[in-house]
Amino acid sequence: MSEPLLRVEDLCVSFRTDSGIVRAVDCVSLHVNQGETLAIVGESGSGKSVTALSIMGLVGDSGKINQGRILFDGVDLVALRESAMRKIRGNRIAMIFQEPMSSLNPVLTIGKQVAEPIWLHRKKSWTQAYAEAAELLAKVRIPDARSRLDDYPHHFSGGMRQRVMIAMALACQPKLIIADEPTTALDVTVQAQILALLKDLTRETNAALILITHDLGVVARYADRVAVMYGGRIAETASAADLYANPRHPYTVGLMRSIPSLTSDAGSRLYAIRGQPPDLANLPTGCAFAPRCEWAKDICLRSPPSL
Amino acid sequence: MTESNTESALLEVRDLKVHFPVHEGVLIQRQVGSVKAVDGVSFTLQRGETFGLVGESGCGKSTTALAVLKMVNVSGGQIIFEGQDIATLNESAMHPLRKRMQMVYQDPFGSLNPRMKVGDIIGEPLVVHGVSRRSSEYKQRVRQLIDQVGLLPDMAGRYPHEFSGGQRQRIGIARALALNPALLICDEPVSALDVSIQAQVVNLLMDLQRDLNLTVLFIAHDLSVVRHISDRIGVMYLGKIVEIAPRDELFDHPRHPYTRALLDAVPVPNPIIEAGRAQQLIRGEVPSVRNPPAGCHFQPRCPLADSRCREQRPVLTSHGLASVACHNV
């Protein structure tokens, strides 16, 4: 197989906080091929969002990439300077955030915000960029797109704002789109519309998609491959079909069994994973899941398993 | 018809309306309209049953809960709780009744006082209703509650910030149970929790419901969770109930086009089922409650809408085991 579009190798990211150094991402390796949808599944604090932010070069001042490489199209993003990273971010890798309410600039019109990356990265004239912005808004199925260019974000509903975010992400025809819980803040009927749109548009442009979510239903509907994260590490990776038919990691097994679905046996007791999610500032020495695992042995408590 | 069977009903809500006035003007405020957050909602809770209320954000499900507890002003209708209409009662008349109805909130971080110890939080309702903190009755009850929700006795002396989301939700549940309520209202009790913790809390609520013979009003937007826990379910859209049915009936034979759209939109955690499913996505989004559409509220998004739907508002009528508000069912 040819070299994947993105290859993350042994990535470790830590943050300085009041309660000490937090190892948010611990030796994570994964890859995404062109045109593929990879879902990263995990609970809050599992390291899925930090992995995404590291790929975007956005870990911030309190965070530090301690180790590892992020190879995108053969270039190691970790070693890039900020000025070079700026040429990639929003251009060849685009990100869609969870909060469509707060990730748009409230004092700029929608037209300006969508046109900006086209003008900045693709060096189009402002008039041209603006015209393309109208086309993009139509493409994400915003009704009457041209007349809405001069509207401000507060004129738009949550679902419409998320469509604007998708239009901005697509503006420079990126090769990789990272969507971090893109529909968590939206209602179910709107969630289905947005995810279907995202999937259609990535298929059309043959872009790769990293879909970060905690919803195993969404994963089943939209992902080709899945990486399950727990306590900053990857617990399991598999094709979506494989993961559901034959989950192997005890955490994945527990997760699958614990969610009620529209087809499960209503009214019965749910299988529950015991215990509480791990404290990242005080991760156990062995496997992060060991304290909650039914199959934990001595070795699980002593040394972390490798993938 | 079960709706008029008040013998075994713990709570009967009839034509409940909650309208919030909308004011305009800086110095001289005048009312320019109203938001009809809840507009003519009726349902009955039989003793010992769990009634689920589902709908998308802004549909009025939480406001309905707050109205039943008299925590918002009721604009119209009746709330018959244990045979007495409480819709018009004032606060002092409500006080003794509050023992009988308690609430579990969505946000386990915002709903516990960070400066109080867990034992004091759980025992506070007892103090409010006249039990002394020093009495042995108080101490024994707090210990019992802590045990009942699966916490450890030594946790009583700790503060909320030392607990994870799931444990805090257990604290909130213990507090709600302190006064032995007949009615427990749970407003999105698991939606702020991690997936692996949700199952623990759902199981706890189901156990408590059975052991204490509680009547539960369970409000959530997650259809899978509501289906799991509820005996009967009401679906709300824009301030109105569009369908009420027993659980299996609702999920096996959804009748209202909105109910069907909701069920279609929920992805099933199984790629094989998903691949074979034809998805019927409904258009658009929920309109603003300030300007609801004429006729049926769902009509602008409905695939079945015709001219009658645009003019006449449908009312709940019974169809077999279900009650549905739709002209085309």
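The values are calculated or read from the model by the stated rules, or taken from the named source; none is laboratory data. From a predicted model like this one, the values you see are computed outputs, not experimental measurements. Quick reminder, even Gly has a Cβ in these numbers, built from the backbone with ideal geometry, and neighbours come from all protein chains shown.
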* Residue check, B:Ala156 more than 14 Å from chain A (Cβ to nearest Cβ), within 19 Å of A:Gly275 (Cα to Cα) and either surrounded by 19 or more Cβ atoms within 10 Å (Cβ to Cβ) or without any contact (Cβ under 8 Å) to a residue 60 or more places away in the chain (or both) -> yes
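Output the residues belonging to the stretch B:272-296 that are among the β-branched types (Val, Ile, Thr) and either loosely packed, with under 13 Cβ neighbours inside 10 Å or within 9 Å of chain A (Cβ to nearest Cβ) (or both).
B:Ile272, B:Ile273, B:Ile282, B:Val286, listed by residue number.
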* Kindly indicate whether any position in the stretch A:130-152 is within 14 Å of chain B (Cβ to nearest Cβ) and under 16 Å from the mean Cα position of the chain (by Cα). => no
* Asked: Quick one: is A:Gln128 surrounded by fewer than 17 Cβ atoms within 10 Å (Cβ to Cβ), at positive phi and modelled with pLDDT of 90 or more?
  -> no
* **Within the stretch B:231-271, considering residues that are among the acidic types (Asp, Glu) and at the interface with chain A (Cβ under 10 Å from one of its Cβ atoms), the one surrounded by the fewest Cβ atoms within 10 Å (Cβ to Cβ)** => B:Asp248
* Asked: Among the residues of the stretch A:64-91, which ones are under 18 Å from A:Gln173 (Cα atoms), of a type outside the set (Phe, Trp, Tyr) and not in a helix (DSSP H, G or I)?
  -> A:Asp73, A:Arg89, A:Gly90, A:Asn91
* Structure fact -> Exactly one of B:Val201, B:Val190, B:Val235 is at pLDDT 95 or above and not charged (D, E, K, R), and that one is B:Val235
* Go over the candidates B:Asp194, B:Asp187 one by one and state the one that is in contact with a helix residue (DSSP H, G or I) (Cβ under 9 Å, 6 or more places away or on another chain) and free of Cβ contacts under 8 Å to residues at least 60 places away in the same chain. => B:Asp194
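Do we find that B:Ile86 is buried (at least 17 other Cβ atoms within 10 Å of the Cβ) and without any contact (Cβ under 8 Å) to a residue 24 or more places away in the chain in this structure? It would help to see each step written out before you state the result.
Details: buried (at least 17 other Cβ atoms within 10 Å of the Cβ): yes; without any contact (Cβ under 8 Å) to a residue 24 or more places away in the chain: yes.
When the stated conditions are applied, B:Ile86 passes them.
Could you tell me whether the stretch A:273-284 includes any residue that is touching a Ser or Thr at 6+ places or on another chain (Cβ under 6 Å), within 8 Å of chain B (Cβ to nearest Cβ) and modelled with pLDDT under 90?
Yes; the residues of the stretch A:273-284 include at least one that is touching a Ser or Thr at 6+ places or on another chain (Cβ under 6 Å), within 8 Å of chain B (Cβ to nearest Cβ) and modelled with pLDDT under 90.
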* Where A:Thr252 falls short, out of the listed (1) of a type in the set (S, T, N, Q); (2) in contact with a Leu (Cβ under 9 Å, 6 or more places away or on another chain); (3) farther than 25 Å from A:Ala290 by Cα -> (3)
